[in-house]
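Here's the structure, in C-alpha cells; my notes come after.
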Amino acid sequence: MRKAIILAAGLGNRLRPFTDEAPKCLVQLIGKSLLERQLAVLESCGIDDVLVVGGYKAEKIEALGHTLVLNKEFETTNMVWSLFEAKDHFGERGDLVIGYGDIVYEKRVLEALLACTDDIGLVSDLGWRTYWEQRTQNPLDDVESFRVSDDGYVGELGQKPESRDEIQGQFTGLIKIRAGRIPELFEVYSEMDKTGIYDGQPFEKMYMTSFIQHLIDLNWRVKAVPVTHGWLELDTVDDLTLYENLDAQGRLDALCRLS
C-alpha cells in the first residue's frame, strides 16, 4: 500500500496572471492541469490514496473533489511546513510519495522512484544541463548543488554551486519515504530548533532541500534515483511559454512525454 501527498499551497506569483484565480497546480499545461497530470501518473502506478495540501485558492482544488488539507499559513510558510500540516495522513503502513504541486513527470520516473528501497529516494535528473539551458541563459544562476557518493547516496543538496562539479544531477521535487522511517519523520521535524536559520530561511520558511540535508546530517540514507529528463517544472510564465512552443514544434517529448 502506498500513498501520496502533493504540496500545492503556494501563491504562484511568478505565474501570474495564470494564478490570479487559481492555484499553480491547476494551471493548464498543454490542455491539462498540473494536478490532473500528476494524479493520472500516480493512478497508473496503483496510487489512488492522494492528499493535496492547499493554501492559496484552495477552494478551487476542493471544488474538484480532491482530498485536501489546508495550510492556513500558506502566505508565510514553505514546502516543509505544508508537508507536516498533512502529518496525520502519513500513517505507518505503506511508503509515502511526496511531490511538489508545480511539477509533472512520466510514469517511468515514478516507477524508478517506487523501486527505491532506501530510507528516502530523491529523483535526480542527470540531463539537467540540457533542460536548464532551455530555460535560462545562465544555468548556474538557477540550479542547486547535488553531490552524490560513489554508491549513489546524496551527501549535499540545495546549495548555491560554484562550479558544475557540484552538480551531479538536479532534484526534481519528487520524493519517497520508506514506510519504516515514516514514524520518525515528524519526530525529527518537531525536535528542530524553531528559532534557527536554515540556509538563510527561518524555520517556517525552510526549504525542502534544507530539511532533507538535516536528515542526511542525522545519517538517514538518502538515495539519488537517477533519470534522464521525463519531468518538467512549471515555475514561471516563461516556462509555460517555452513548453507550449516546444510542443508546437514537436520537440517537447525530448524533455518530457506528456501524452
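The values are calculated or read from the model by the stated rules, or taken from the named source; none is laboratory data. The structure presented is a predicted model; accordingly, all values stated were derived computationally and were not measured. Positions of Cβ are generated from backbone atoms using ideal geometry, with glycine treated the same way; all protein chains shown enter the neighbour counts. Each accessible area value is taken on the protein alone, full model and side chains, heavy atoms only, with ligands, DNA and RNA left out. Shrake-Rupley method; radii C 1.70, N 1.55, O 1.52, S 1.80 Å.
Output yes when any residue across region 159-174 is among the hydrophobic types (A, V, I, L, M, F, W, C), touching a residue at least 40 places away in the same chain (Cβ under 8 Å), surrounded by 15 or more Cβ atoms within 10 Å (Cβ to Cβ) and over 23 Å from Leu242 (Cβ atoms), and no when none is. No, region 159-174 has no match at all. Taken over region 106-135, the criterion of being surrounded by 15 or more Cβ atoms within 10 Å (Cβ to Cβ) and over 16 Å from His229 (Cα atoms) is satisfied by Leu114, Cys116, Asp118, Asp119, Ile120, Gly121. Look through Tyr100, Tyr105 and report the one residue that is in contact with a strand residue (DSSP E or B) (Cβ under 6 Å, 6 or more places away or on another chain), hydroxyl-bearing (Ser, Thr, Tyr) and closer than 20 Å to Ala179 by Cα. Just one listed residue meets the conditions, Tyr100. Determine whether Asp49 is within 22 Å of Lys176 (Cβ to Cβ) and without any contact (Cβ under 8 Å) to a residue 24 or more places away in the chain. For Asp49, the condition - within 22 Å of Lys176 (Cβ to Cβ) and without any contact (Cβ under 8 Å) to a residue 24 or more places away in the chain - is not met. Within the set Arg178, Arg221, Arg251, the sole residue that is open to solvent by 40 Å² or more (accessible area, probe 1.4 Å), among the basic types (Lys, Arg), more than 18 Å from the chain's Cα centre (by Cα) and under 25 Å from Ile47 (Cβ atoms) turns out to be Arg221.
Taking the stated definitions as given, is Cys25 in contact with a Ser or Thr (Cβ under 8 Å, 6 or more places away or on another chain) and modelled with pLDDT of 95 or more? Yes: the conditions hold for Cys25.
Taking the criterion of being open to solvent by less than 50 Å² (accessible area, probe 1.4 Å) and in a strand (DSSP E or B), the residues of region 191-215 that qualify are Tyr198, Gln201, Pro202. Go through region 39-59 and give me each residue that's within 16 Å of Pro23 (Cα to Cα), open to solvent by 20 Å² or more (accessible area, probe 1.4 Å) and not in a helix (DSSP H, G or I). Scanning region 39-59 gives Tyr56, Lys57. For residues that are in contact with a strand residue (DSSP E or B) (Cβ under 6 Å, 6 or more places away or on another chain), closer than 16 Å to Tyr100 by Cβ and among the hydrophobic types (A, V, I, L, M, F, W, C), scanning just region 21-38, find the one that is surrounded by the fewest Cβ atoms within 10 Å (Cβ to Cβ). Of everything passing the filter in region 21-38, Leu26 is surrounded by the fewest Cβ atoms within 10 Å (Cβ to Cβ). Return the total of residues in region 82-105 being crowded, with 20+ Cβ neighbours inside 10 Å and over 15 Å from Ile6 (Cβ atoms). Count: 1.
Put simply, of Val97, Val148 the only residue that is in contact (Cβ under 8 Å) with a residue 24 or more places away in the chain and under 16 Å from the mean Cα position of the chain (by Cα) is Val97. Gly155 fulfils the conditions (1) crowded, with 19+ Cβ neighbours inside 10 Å; (2) touching a Lys or Arg at 6+ places or on another chain (Cβ under 8 Å); (3) part of a strand (DSSP E or B) except for a single criterion, (1).
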